[in-house]
Amino acid sequence: MLKIYHTPPSRSVRVVWLAEEMRIPYEAVAVPFGPGEKPAGFVEASPLGALPAITDGEVSMIESVAIMQYLMAKYGPTELAVAPSEKDFANYLQYLEFGESGLCAIGNAFVATRFQAPEDAKKNWTLDYVVSAINKRMKLVQARLEAGNEYMAAGRFTGADISVGWAIGIAKYFGIVTEFAPSVQAYHERVTARPAYKKAAG
Ligand SMILES: N[C@@H](CCC(=O)N[C@@H](CS)C(=O)NCC(=O)O)C(=O)O
């Protein structure tokens with residue numbers, strides 16, 4: 001059975017959210033943050049010690065968005081993926097990836113600096129850059145919504161909304177973005193009202 005190493009509010013929420021939306025049977029294994037004993041199999045599944053990680057038979061993967069793509073392809077077909085034949089295929093791919101590589105990847109530096117750095121290194125130029133870059137990039141999501149799109153692509157809820165939706169939530173959780181445009185706020189409420197999200201974020 002699919003095993004998902006999962007501890008909210010980490011990026012593993014994306015993977016469990018998707019599995020719930022697709023009704024893929026899975027076993028969730030909690031992994032405590034920070035140092036301390038990890039559950040059996042985690043070190044092998046996640047060589048970098050990061051979340052999420054999955055195992056699925058012989059397959060072992062890290063990278064939340066890649067795992068989403070794998071699950072949609074393997075356990076689909078699903079409306080959560082946008083096909084190359086659909087008009088919004090390019091936007092789907094763009095926002096699916098942007099949720100992690102544009103909005104979240106640089107956020108790790110924020111979290112490390114704010115919560116792990118020594119007291120005299122907690123405030124620095126890089127931290128300010130990360131905050132300003134994420135706030136700027138969030139404006140791309142805002143523009144997409146304000147161009148008349150209820151979702152990131154194809155006029156329906158897709159994997160791109162799981163990717164971006166989690167990014168908005170974590171930017172809010174850590175206070176990286178403190179003021180969201182009403183359009184982004186409403187979008188976040190819309191996507192996180194879904195039962196699959198609530199189960200994943202629980
Ligand atoms: N790009 C990776 C990032 C993974 C990542 O940084 N996960 C965080 C939790 S959300 C983590 O485990 N950080 C601790 C670490 O990297 O040691 C993904 O999308 O899965």
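The values are calculated or read from the model by the stated rules, or taken from the named source; none is laboratory data. Please read all numbers here as calculations on a predicted model, not as lab measurements. Methodologically, a virtual Cβ is constructed for each residue, glycine included, from the backbone with ideal geometry; neighbour enumeration extends over all protein chains shown.
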Quick check on my filter: what residues within the range 2-32 are part of a loop (DSSP other than H, G, I, E, B), touching a residue at least 40 places away in the same chain (Cβ under 8 Å) and more than 14 Å from the chain's Cα centre (by Cα)? ILE24
Among (1) more than 16 Å from the ligand (Cβ to nearest atom); (2) among the small types (Gly, Ala, Ser); (3) touching a Leu at 6+ places or on another chain (Cβ under 6 Å), the one test that ALA73 misses: (3)
Of everything in the range 1-15 that's among the β-branched types (Val, Ile, Thr) and buried (at least 24 other Cβ atoms within 10 Å of the Cβ), which residue is nearest to ALA81 (Cα to Cα)? VAL15
Sort out which residues of the range 48-94 are out of contact with any Gly (no Cβ under 9 Å at 6 or more places or on another chain) and of a type in the set (Phe, Trp, Tyr), and write them in order of number. TYR70, TYR75, PHE89
Within the range 172-191, how many residues are out of contact with any helix residue (DSSP H, G or I) (no Cβ under 6 Å at 6 or more places or on another chain) and buried (at least 17 other Cβ atoms within 10 Å of the Cβ)? 1
State all residues of the range 99-137 that are within 24 Å of TYR151 (Cα to Cα), touching a residue at least 40 places away in the same chain (Cβ under 8 Å) and more than 12 Å from the ligand (Cβ to nearest atom); if no residue qualifies, say none. ILE134, ASN135
Please list, ordered by first then second residue, the pairs with beta carbon atoms under 7 Å, 6 or more apart or interchain, first in the range 176-193 and within 13 Å of VAL131 (Cα to Cα), second at pLDDT 95 or above. ILE176/GLY107; ILE176/PHE110; ILE176/VAL131; ILE176/ILE134; VAL177/ILE134; VAL177/ASN135; VAL177/MET138; VAL177/ALA171
Which count do you get for residues in the range 76-98 that are away from the ligand (no atom under 16 Å from the Cβ), among the charged types (D, E, K, R) and out of contact with any Lys or Arg (no Cβ under 8 Å at 6 or more places or on another chain)? 3
Selection status of ARG23, on the phi > 0 side of the Ramachandran plot, out of contact with any strand residue (DSSP E or B) (no Cβ under 9 Å at 6 or more places or on another chain) and basic (Lys, Arg): yes
Of the criteria (1) under 21 Å from THR78 (Cα atoms); (2) away from the ligand (no atom under 11 Å from the Cβ), which one PRO32 fails: (1)
Within the range 37-60, the residues that are free of Cβ contacts under 8 Å to residues at least 40 places away in the same chain and either closer than 21 Å to PHE174 by Cβ or within 13 Å of the ligand (Cβ to nearest atom) (or both) are LYS38, PHE42, VAL43, PRO47, LEU48, GLY49, ALA50
